[in-house]
Every structure is written in structure tokens, then in C-alpha cells.
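Okay, so here's the structure we're looking at.
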Amino acid sequence: MTDTTEKKRILLAAPRGFCAGVDRAIQIVELALKKYGAPVYVRHEIVHNRHVVEDLKAKGAVFVDELDEIPESDAPVIFSAHGVPKSVPADASARNMFYLDATCPLVSKVHIEAARQFENGREILLIGHAGHPEVIGTMGQLEEGAVSLIQTAADAEAYELKTTPDNLAFITQTTLSVDDTAAIIDILQSRFPGIRAPVKEDICYATTNRQAAVKQMAAYCDMVVVVGAPSSSNSNRLVEVAQRNGCPDAMLAESVRQIPWSKIEAAKTIGLSAGASAPEPLVQEIIDTISSHFDTTVETITAAEENITFKLPRELRATASA
């Protein structure tokens, strides 16, 4: 039942939602459609969000799992923001396909780091989640067996060296839990003091900032809603961060329709954030829906200011300027 006299307090995490890498990837698809016309083929979800994918489909993007699903044509194919194994662009070139790479530059940085450590003859450990597209893409930069995956602290404790302790390096997936990853790194550095770390931390600024904002507000909330897709690593990590930092009742929702209304009714203070691939209108829809039923105040909890942008592929810069 609607009760406009009952007060609700929404704590809105900042930053939240689209990061520079996601924004760039979506722009690449939209600009390719503008420049080349439909269809534009996209290998895998450009980012992990159903609403974004459906919107791009409506504009003329065609999503495929593998390149062999694409009919012979001059239409461009775009690789997702998560990055791809080296075999994918090689396959595209062999098929004479014109492709655009929407890999986030911060993921590309991890690829470069992996290649550099491999060229220096080091054994490489990748901290990440098995099966995630970013992990598949990163491991696929090098020959099979060159990278070993570490998913948990237990994996770090149990890992058996293939080389000498001073000939070891680690890299990480960009969307991990900051705290979980720090614990794994502590174990590796304790066991292997000579292990080489990345020159600059691999977990991206957007992941770090969004987790910091949720940490700041979680203890003040009766429930926390993270807008994001079940397949989104960084969105799932935000739920875990809220649960570990004072709000056990934290949940992931793709839209307002997935939030149990009974939880909203029971909560006085509701925390709200969004994963790096979640559009801001989905967040605003939740605020508007709650506000339409209750006397609602909205307070922003700011952990950092973000003003990062990434360059578009050369082929699309003139279209963007126009």
C-alpha cells in the first residue's frame, strides 16, 4: 500500500554506473552504425548489461558468439570491452573481416603486462575468475600453459611453483574485489617474496571507486540495491562489499522490477549503486518509483570524482567529431 507519509532515505553511491571503458565500447558500436550503417556485428555482449545490448540491437547491432556465425560481408565486427584472445583478431584477419576492437584500455594494459613478463621468461599468475570473458581474453594473449589462474586465497596457498621464486609475476582481472585480491596478493608475496607485481595496480579505477562508495554507505543502510547484470563481475563484487561492510541485506537487480517491494517497504534507509555497465536511467527509475510511493530524501555518498575518458579507434574519430 502506498504511504506518502512514511519517510524513506536513499543513499546514492558516487561514482556508480558507466565507466570510461564501457562508455567507449558503447560509443564504438553506435558510431560504427552511424558511419557504416546496419548491420554491425558484435562478438559477445559488448558489455554485461541486457538493457544496453537490447538498445544496440534495436539500432542495428547483431550479436554473435563466434565469428563463423557472421555471413560474408563488408560489415564491421566489433570485439567486446572485456578483450579477446589473440586468436580472435587473427581469425578475423584470415577471413578478411574488418574489425574494431572495443577492448577497455585498462584491460589492454593487463595484456601488455602479461606479454612483457612472458618475454622476460617469467611464470605468470593471473588472479581472476575462471570463465569470465576478461580472463579468457587475458590468458589467450599467450601460449597455452603460460598463465596459471589463481581464483581464491586457498589457490594462492596451494600453488606449486614451476620455476624459481624470483622468476614469478602476477597480474589481475580488472573487476575483482579490492579486499579479496589484496588478501590473495599478501599470501603470494609472503610465500614468494620475489614475485613481480604490476607496475600499476591492475584493478581498474572504476572498480575501486565504486567499491569504496558502497563501503562508505553500507553500514547506514537497511538494504543495498546494486543495479547490474548477474553476469557482471564488478556488479556482483559491489553486492559482496555491501554485505561485508555492514549491510547483509544487499542484492543485485537488473531493474526496479526485480526488487521485492516488501523489502522496500520494510527499509528506512536504502543504499543504491550500479555496476560499471549499468545505465543511469535504471538507477533513476528506482529512485522515481520509491519516491512515487513514499516521502523520500536522496543523499549522495561520494568516494571519488571521475573525469577519465579514453580515445576512440582512429576509424571512428571523425564520425564522433561530426
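Bear in mind these aren't lab numbers, they're just calculated from the coordinates by the rules spelled out. What you are looking at is a predicted structure, and each value in this text was computed from that prediction instead of being measured. Glycine also receives a Cβ, built like all others from the backbone with ideal geometry; neighbour counts cover every protein chain displayed.
Descriptive notes on the structure:
- Lys-Lys pairs in the chain that are eight or more residues apart or on separate chains and whose Cα atoms lie under 17 Å of each other come to 11.
- In order through the stretch 74-89: 3J(HN,Hα) via Karplus (6.51 cos²θ - 1.76 cosθ + 1.60), integer Hz, x for Gly, Pro: 8, 5, x, 10, 10, 8, 5, 5, 6, x, 9, x, 4, 5, 6, x
- Its alpha carbons considered, the stretch 234-322 gives a radius of gyration followed by a Dmax of 17.0, 52 Å.
- Only helices enter this figure: runs of n ≥ 4 DSSP H residues, each worth -39500 (n - 2.57), summed and divided by the residues of the chain, yield -12500 deg cm²/dmol at 222 nm to the nearest 500.
- The residue list LEU11, HIS129, THR164 was ranked by how far each Cα lies along the charge dipole of the chain toward its positive end, using unit charges on Cβ atoms, and LEU11 comes out on top.
- Taking amide H positions as modeled 1.01 Å from N, with prolines and chain starts lacking one, the residues under 5 Å from ILE301 and 5 or more places away or on another chain are LEU12, ALA13, ALA14.
- Residue-wise HN-Hα coupling along the stretch 206-220, computed from phi with Karplus coefficients 6.51, -1.76, 1.60 (Hz; x: Gly, Pro): 5, 4, 4, 5, 5, 5, 5, 5, 5, 4, 5, 9, 4, 5, 8
- Spin-label zone in the stretch 53-89 - amide nitrogen under 17 Å from a point set 7 Å from the Cα of HIS129 along the C-beta vector: 81-83
- Converting phi to 3J(HN,Hα) with the Karplus coefficients 6.51, -1.76 and 1.60 and the offset θ = phi - 60°, the stretch 310-322 yields 10, 5, 7, x, 3, 5, 10, 5, 5, 5, 5, 5, 5 Hz in sequence order, with x at every glycine or proline.
- Under-5 Å amide H pairs with LEU100, H placed in peptide plane, nonlocal only: VAL77, ILE78, PHE79
- With each label modelled as a point 7 angstrom along the Cα→C-beta vector, the GLU299-LYS86 pair spans 5.3 nm.
- Computed lengthening from VAL199 to THR152, 0.36 nm per intervening residue step minus Cα-Cα distance: 14.7 nm
- Segments 45-51, 145-151 sorted - mean Cβ within 10 Å per residue, highest first: 45-51, 145-151
- Anisotropy class of the chain from Cα gyration tensor, a/c 1.5 cut: oblate
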